[in-house]
Amino acid sequence: MDRRTFLQLLAASPIASGSIVDSLPKYKTVSSYAPAPNPGMPGPYPGQVVSVRSARCIDETSEKVDVDVVREMMERGMCSLTGESKATDAWRRFFDPSDVVGIKVNCSGVPGVVSSPEIIAEIVRNLMIIGLKPSQIYLYERFKSQLDRVNYPAYLPEGVQVVAAESERGQIRLYDPAVYVEVDFFGEEDTRSNMIRLLSQKLTKIINVPNMKDHGASGVTGCLKNIAYGSFSNVARSHQRAKSHTYSFIGTLAAVEPLRSRTVLQIMDGLRGVWHGGPFSPTRRFRFYPKHLMFGTDPVAIDRLLIDIIDEKRKAEGAISVWNRSLTYVKPGQVRERDHDPNINIFIRETGHIEYASRLGLGVYDIKKINVKEIKI
């Protein structure tokens, strides 16, 4: 099933014809935080994306990243996004020396596809140039085991904090009991997903650094899924037994305050990518090298472009589309088989989660309304 057919079926569905409230899970969001006058998502540049490419940024054989090329890509991307001629002025559009900044990395694809340490180091370097101290900068992710394998501290100045919400899976101590989304998907015992306490109680700004990855339950995993599922506890419960509630859960989490207001910058890391079997990347079989960074404040617009990047790669490899919802290809529980066959899904993919997030005001989905500035280095 191609995207056009999917959209035709969606248009005729009860969800599209007015009963969406009755068709979706019943969410209860609890937070005492008020939205900022101008929330970080979609931010000051809705529907605008800067796309920077360089064939020289990474060597596909050795996977060695060229730090100088990445620095140039970052500078050109930030200046083009903001209209500033100097990178320092571009960064000052978002941050000042009083901020406490969190960088949401993505480590689920260890060891192969993670938020590149070289990109994270360049972000930290720029934050320090405009006056932030290392102690005001935090990298965060949910799982310590994944963070430890990347070893970000080896690339960063002493004093930058690297924080995992869960040293062991299921720990809840570092989550905020007063900020959560409650929903019963499948009759699970624990129906709450709590925000990481660092986000709600300490950070003033957040930079989101996802990867270009396929995802078996959500179709793709980009800006929205990285900031949503990576900032709350107890989220994997949303997809079980072939059914995925990622369609509405991802956007619902991303819209919770203060996460929505404080996430002010999106930098999509496409040095490497995963076209099947994501969000993991245990082998190089389904890895590819877009050699591509995207910059913006609108997570929906960037993720809308990501859909086409992943789908075009899958098409080139002879794999079914990320829009394909046919039960013919859904084999619940056959994870090992899926990991070897790109024409097996273990869930019905909910690529529509990105359009749903746009309905919550998180960004621009209509491809005709997205302005892409292309830069090649």
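Could you tell me whether PHE249 is closer than 25 Å to PRO37 by Cβ and surrounded by 24 or more Cβ atoms within 10 Å (Cβ to Cβ)?
When the stated conditions are applied, PHE249 does not pass them.
Of the residues that sit in segment 321-350 and are in contact with a helix residue (DSSP H, G or I) (Cβ under 6 Å, 6 or more places away or on another chain) and of a type in the set (Val, Ile, Thr), which one is surrounded by the most Cβ atoms within 10 Å (Cβ to Cβ)?
Only one residue fits best here, namely VAL322.
Out of segment 150-208, which residues are out of contact with any Leu (no Cβ under 9 Å at 6 or more places or on another chain) and closer than 26 Å to ARG93 by Cα?
Listed by number, the residues that qualify are TYR155, PRO157, GLU158, GLY159, GLN201, LYS202, LEU203, THR204.
Which count do you get for residues in segment 160-172 that are of a type in the set (A, V, I, L, M, F, W, C) and either part of a loop (DSSP other than H, G, I, E, B) or in contact (Cβ under 8 Å) with a residue 40 or more places away in the chain (or both)?
3
Which ones in segment 160-201 are basic (Lys, Arg) and under 30 Å from GLY131 (Cα atoms)?
Across segment 160-201, the qualifying residue is only ARG197.
Which members of segment 173-194 meet the condition of being touching an Asp or Glu at 6+ places or on another chain (Cβ under 8 Å) and in a loop (DSSP other than H, G, I, E, B)?
Scanning segment 173-194 gives LEU174, THR191.
Just give me the residues in segment 305-325 being under 17 Å from VAL220 (Cα atoms), assigned to a loop (DSSP other than H, G, I, E, B) and not aliphatic (A, V, I, L, M), in sequence order.
Residues satisfying the conditions are GLU317, SER321, TRP323, ASN324, ARG325.
Could you list, in sequence order, the residues of segment 71-103 that are touching a residue at least 40 places away in the same chain (Cβ under 8 Å) and in contact with a Leu (Cβ under 8 Å, 6 or more places away or on another chain)?
Passing the criteria: MET73, MET74, GLY77, PHE94, PHE95, ASP99, VAL100, VAL101, GLY102, ILE103.
Residues in segment 195-232 that are outside any strand (DSSP E or B) and either out of contact with any strand residue (DSSP E or B) (no Cβ under 7 Å at 6 or more places or on another chain) or not hydrophobic (A, V, I, L, M, F, W, C) (or both): how many?
Selection size over segment 195-232: 16.
Check whether at least one residue in segment 239-252 is closer than 29 Å to ILE307 by Cα, in contact (Cβ under 8 Å) with a residue 40 or more places away in the chain and among the aliphatic types (A, V, I, L, M), and report yes or no.
yes
I'd like the full set of residues that are among the hydroxyl-bearing types (Ser, Thr, Tyr), assigned to a helix (DSSP H, G or I) and under 24 Å from TYR289 (Cα atoms), limited to segment 108-159.
Of everything in segment 108-159, those that are among the hydroxyl-bearing types (Ser, Thr, Tyr), assigned to a helix (DSSP H, G or I) and under 24 Å from TYR289 (Cα atoms) turn out to be TYR152, TYR155.
Could you check, for segment 287-305, whether at least one of its residues is under 26 Å from PRO37 (Cβ atoms) and surrounded by fewer than 24 Cβ atoms within 10 Å (Cβ to Cβ)?
no
Answer with yes or no whether VAL124 is closer than 18 Å to GLN266 by Cβ, in contact with a Lys or Arg (Cβ under 7 Å, 6 or more places away or on another chain), crowded, with 19+ Cβ neighbours inside 10 Å and β-branched (Val, Ile, Thr).
It is false that VAL124 is closer than 18 Å to GLN266 by Cβ, in contact with a Lys or Arg (Cβ under 7 Å, 6 or more places away or on another chain), crowded, with 19+ Cβ neighbours inside 10 Å and β-branched (Val, Ile, Thr).
How many residues does segment 59-73 hold that are buried (at least 21 other Cβ atoms within 10 Å of the Cβ) and out of contact with any helix residue (DSSP H, G or I) (no Cβ under 6 Å at 6 or more places or on another chain)?
Qualifying residue count, segment 59-73: 1.
Within segment 330-377, which residues are hydrophobic (A, V, I, L, M, F, W, C), outside any loop (DSSP other than H, G, I, E, B) and under 25 Å from ARG304 (Cβ atoms)?
Those that are hydrophobic (A, V, I, L, M, F, W, C), outside any loop (DSSP other than H, G, I, E, B) and under 25 Å from ARG304 (Cβ atoms): VAL330, ILE354, ALA357, ILE367, VAL372, ILE375.
Taking segment 74-121 as the search range and keeping residues that are among the β-branched types (Val, Ile, Thr) and more than 19 Å from the chain's Cα centre (by Cα), which one is surrounded by the fewest Cβ atoms within 10 Å (Cβ to Cβ)?
THR88
From GLY222, GLY270, GLY230, which residue is within 21 Å of GLN146 (Cα to Cα), surrounded by fewer than 24 Cβ atoms within 10 Å (Cβ to Cβ) and either at pLDDT 95 or above or aliphatic (A, V, I, L, M) (or both)?
After ruling out the rest, the residue left standing is GLY230.
Go through ASN234, ASN211 for me and flag whichever is out of contact with any Gly (no Cβ under 6 Å at 6 or more places or on another chain), under 16 Å from GLY278 (Cβ atoms) and not aromatic (Phe, Trp, Tyr).
After applying the criteria, what remains is ASN211.
The values are calculated or read from the model by the stated rules, or taken from the named source; none is laboratory data. None of the values given here were measured: they were computed from a predicted structure. As a convention, Cβ positions derive from the backbone with ideal geometry for all residues, glycine included, and neighbour counts pool all protein chains shown.
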